[in-house]
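Enquirer: Below is one structure. I have some questions about it.
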Amino acid sequence: ADYLTLNQNSKLLGKTQNFIVQYMMYITIVEELLRLNEDPKVHGIYLHLPPASLTSRVLNTLKPEKDIDGISDLNMGRLVRGDLSKVFVPPRASAVLDLLEKHDASSEGKTILLVGGEGSFGLTLQCLIEKNGMVALKSNWNSKSLQRQLMEADAVVLLGAEDMDVPPTWFRPGAVVIRCEPTLATGIVEYIMINVVHSYSRWLQEQQYQPWHLRTLKLQPLMPVPSDIEISRAQKPKPVDQLAEQIGLLPEELEAYGRSKAKVQLSLLNRLHAQPDGKYVLVAGITPTPLGEGKSTVTIGLVQALSAHLKLNSFACLRQPSQGPTFGFNLHLTGDIHAITAANNLVAAAIDARILHESTQSDKALFSRLVPSVSGVRKFSPIQISRLRRLGINKTEPASLTPQEVHTFVRLDLDPSKITWQRVVDTNDRFLRKITVGQASTEKGLIRETGFDIAVASEIMAILALADSLEDMKNRLARMVVGTSRSGQPVTAEDLGVSGALAVLMKDAIKPTLMQTLEGTPVFVHAGPFANIAHGNSSVLADKLALKLVGRDGFVVTEAGFGADIGMEKFFNIKCRASGLRPNVVVLVATVRALKMHGGGPNVSAGTPLPKEYIDENVDLVAGGCYSNLRKQIQIAHLFGMPVVVALNVFRTDTQAEIDLVCQIAKECGASDAVPCYHWAQGGRGSIELAQAVNEAANTPSNFQFLYHLEMPIVEKIRVIAQKVYGAEDIELSPEAKAKIDYYNQQGYGSLPICMAKTHLSLSHMPDKKGAPTGFVLPIRDVRASIGAGFIYPLVGTMSTMPGLPTRPCFYDIDLDPVTEEITGLF
């Protein structure tokens, strides 16, 4: 009906067509402005458009920091308000002011008459004239008193006067007359370029390190202390973009995921490459009970004390927890673990698919499908050319390969019994520990046993945590060894042709996630590798970004998984080698509960009430734990030349006598200081003493050193860790472990660092041996390699990489209110 009406009314049709043309032009202008807004190479935009095109929507699409014509509403508003630090003076206005000054009309008290110019430009010019001490009067072309006003003015600015002719006799003799037309005059270009220079100068200044203007959030501690989730919900976090601005991040360096979390671009490292790093603090712990001793809470309490109370810049860098053990602790966060799961399982799918296709196709058929003919032309992909070069085939034309070269190229010849890669899922599912795949008839009888690991046990997670750039991550992903060929050669992800796709899946996960503590101080949550079969630390990139952001006198506090014998040793020997960073001080977390266990107390089990020894005062048990496990862990830190501050995480059942005893013995055992921490009940205020001790220790010289040289034989590196860190008398290698070590040496992997996979519940390989056992022989059951991550990991005893759910998992308590969308039962 509308179509017929338009055809019946040609005048209406013409108007509609004109409207459509104008609308399309408007859309084109807006799209181009949006593109130029985000172009980092463009520092100024001048809209040389017909007045009808300069709609409010067009003007306000323009980024104010690139509005060198000074015509956007925000720019005009700031000018009128007098905030000249972030605005551009319109070029025509600058020209007028300069002409007034040149002709001595800009003296204070001189009267300047503005004729015409009812729009925003006239208002802006009037404000600028008045701010320069002159008197600005307004008139219009139809005013009956125009002639009198012209005669009384010291200077006259004619706005929009291109069609108006004013008799010279109307002006006072000697008055300055400026005709200001909207056209782009040659002289105005100079002022436009001045604004471009100003824009670039401001941009250049923004690229420099910005001092923090952190607004912390107040806590209202309550007694008794509410549950964690009640405390969390009682605090309203700052918008993440506000937090980012306060710590010197630029808007373009932030990728928001909702209101309270965001990814941070790695380009920050390039922008602040010349900025000195801050102080680097590692939080480790004594050998824990199965309940954990609170390293993460100490980390948070410490940064809250440093930033909110001592007013020192500080950043916490934490691992992202798996949802598996508690089902839902992180509730996806920004999807990093899902990306790891997808990438890991893509490799697994590629392995089985390749075995199937190689077993059912000839060399010619495989080559034809791997290098398909497109429009009559066969062409190798870049990843296939890389494989050819590794094979010693320096050819790029598919037709030039000999039959033997084709055979070598298309056949990975993976041995199904020597595939080391498993699928992963981020849920504790014990029935996936061992599975059989390939049972469908379509898989041609290619049945094999395999299994699932928990997602955080994937080598890709370890790579995410150790990579120092996107390129480094891509190279590490390519180097991952997934199995061995029948001829005994390692087969990599790059051999499978999948490494580029893995990098695509992981390109967002490599960016650390910015969050905040209850007191509004910044936190990076990034990566979460298993602390037994991997190195158990947050990411290198999170630490590096944070060290630049806090500034020379700031602090970055990162944590290591499990006890110092595991997480801290791997932090120093693996992570510090990968990052090139050197810590300033170790914070060793202890609890009276764990010390009593190491002093001879009864077993502690998750899900059962604590025995009375852990609730009642018992200084003898505490002393026994201090002189055994605490002393040993302090000694381990000293092996690396690090000063140690002991942080006693105080529980409600701890007595003052027990607290004082721990601090006293810790200092006797070589700690620089030992202080009680009450952050659980009091927030950052409860860790002020710890923050002061850390600040003092971090400003004293340290003599960091690695425990072993990489050139040492694999066996000797394992022995050094076993004897010096665990207290073992020696190591014992199984025949399988010896064979693996010989194979790794043959393949050139002998210079990789060691990542011991053992229980976290004892310094030894025996979980029930508490304190600081000695005289034992450490059995090495097997030795495996994570070539992409860059370490060899010996297996001490039986290590499960897929936990199982308990009788009563947390999901019994987790629920969602469908009205408020509030989650209950998390913690």
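Enquirer: Kindly evaluate ALA534 against the criterion of being in the same structural domain as LEU630 (by the TED database) and either within 14 Å of the chain's Cα centre (by Cα) or at pLDDT below 95 (or both).
Expert: Yes.
Enquirer: Further question on the same structure: Going by the conditions given, is GLN242 open to solvent by 80 Å² or more (accessible area, probe 1.4 Å), among the polar types (S, T, N, Q), closer than 30 Å to SER85 by Cβ and part of a helix (DSSP H, G or I)?
Expert: It is false that GLN242 is open to solvent by 80 Å² or more (accessible area, probe 1.4 Å), among the polar types (S, T, N, Q), closer than 30 Å to SER85 by Cβ and part of a helix (DSSP H, G or I).
Enquirer: Select from segment 629-652 the residues that are in a helix (DSSP H, G or I) and either modelled with pLDDT under 95 or at positive phi (or both) and list them in ascending order.
Expert: Across segment 629-652, there are no qualifying residues.
Enquirer: Something else now. Scan segment 804-819 and report the pairs whose first residue is part of a loop (DSSP other than H, G, I, E, B) and whose second residue is at pLDDT 85 or above and open to solvent by less than 100 Å² (accessible area, probe 1.4 Å), with Cβ atoms within less than 6 Å and a gap of 6+ or a chain change.
Expert: That search, which allows pairs on different chains as well, returns GLY804/ASN428; LEU805/ASN428.
Enquirer: In segment 696-747, how many residues are within 18 Å of MET568 (Cα to Cα) and of a type in the set (D, E, K, R)?
Expert: Counting residues in segment 696-747 that are within 18 Å of MET568 (Cα to Cα) and of a type in the set (D, E, K, R) gives 3.
Enquirer: Identify, by number, the condition in (1) surrounded by 15 or more Cβ atoms within 10 Å (Cβ to Cβ); (2) over 23 Å from LEU414 (Cα atoms); (3) modelled with pLDDT of 95 or more that GLU471 doesn't meet.
Expert: (1) is the only condition that GLU471 fails.
Enquirer: In segment 268-283, is there at least one residue being of a type in the set (Ser, Thr, Tyr), closer than 27 Å to LEU581 by Cβ and either touching a Pro at 6+ places or on another chain (Cβ under 6 Å) or assigned to a loop (DSSP other than H, G, I, E, B) (or both)?
Expert: Within segment 268-283, one or more residues are of a type in the set (Ser, Thr, Tyr), closer than 27 Å to LEU581 by Cβ and either touching a Pro at 6+ places or on another chain (Cβ under 6 Å) or assigned to a loop (DSSP other than H, G, I, E, B) (or both).
Enquirer: Another question, if that's okay. Looking only at segment 502-510, decide whether some residue is touching a residue at least 12 places away in the same chain (Cβ under 8 Å), over 20 Å from PRO382 (Cα atoms) and open to solvent by less than 30 Å² (accessible area, probe 1.4 Å).
Expert: yes
Enquirer: Has segment 605-624 got at least one residue that is in contact with a strand residue (DSSP E or B) (Cβ under 9 Å, 6 or more places away or on another chain), open to solvent by less than 30 Å² (accessible area, probe 1.4 Å) and either more than 25 Å from GLY301 (Cα to Cα) or touching a residue at least 60 places away in the same chain (Cβ under 8 Å) (or both)?
Expert: no
Enquirer: What tally of residues in segment 293-324 results from selecting those that are in a loop (DSSP other than H, G, I, E, B) and either surrounded by 18 or more Cβ atoms within 10 Å (Cβ to Cβ) or modelled with pLDDT of 90 or more (or both)?
Expert: Residues meeting the conditions: 11.
Enquirer: Within segment 459-467, is there a residue that is modelled with pLDDT of 95 or more, under 25 Å from GLN747 (Cβ atoms), open to solvent by 60 Å² or more (accessible area, probe 1.4 Å) and part of a helix (DSSP H, G or I)?
Expert: Among the residues of segment 459-467, not one is modelled with pLDDT of 95 or more, under 25 Å from GLN747 (Cβ atoms), open to solvent by 60 Å² or more (accessible area, probe 1.4 Å) and part of a helix (DSSP H, G or I), which makes the answer no.
This table checks each residue for (1) over 17 Å from ILE71 (Cβ atoms); (2) at pLDDT 90 or above; (3) not assigned by the TED database to the domain that holds LEU97.
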site	(1), (2), (3)
THR111	yes, yes, no
GLY117	no, no, no
SER120	no, no, no
LEU128	no, no, no
LYS131	yes, no, no
MET134	yes, yes, no
LYS138	yes, yes, no
LYS144	yes, no, no
LEU159	no, no, no
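Enquirer: Next question, about the same structure. Go through (1) open to solvent by 40 Å² or more (accessible area, probe 1.4 Å); (2) small (Gly, Ala, Ser); (3) modelled with pLDDT of 80 or more and name the single condition SER10 misses.
Expert: Result: SER10 fails condition (3) only.
Enquirer: Taking segment 214-239, which residues are surrounded by fewer than 12 Cβ atoms within 10 Å (Cβ to Cβ) and closer than 19 Å to ALA262 by Cα?
Expert: Passing the criteria: ARG215, LYS236.
Enquirer: Return the residues of segment 806-827 that are open to solvent by 60 Å² or more (accessible area, probe 1.4 Å) and either touching a His at 6+ places or on another chain (Cβ under 7 Å) or among the hydrophobic types (A, V, I, L, M, F, W, C) (or both); say none if nothing qualifies.
Expert: PHE811, LEU816, VAL819, PHE827, listed by residue number.
The values are calculated or read from the model by the stated rules, or taken from the named source; none is laboratory data. Here the structure is a predicted model, which is why all the values come from computation and not from measurement. Positions of Cβ are generated from backbone atoms using ideal geometry, with glycine treated the same way; all protein chains shown enter the neighbour counts. Heavy atoms of the whole protein, side chains included, go into the accessibility calculation; ligands, DNA and RNA do not. Shrake-Rupley method; radii C 1.70, N 1.55, O 1.52, S 1.80 Å.
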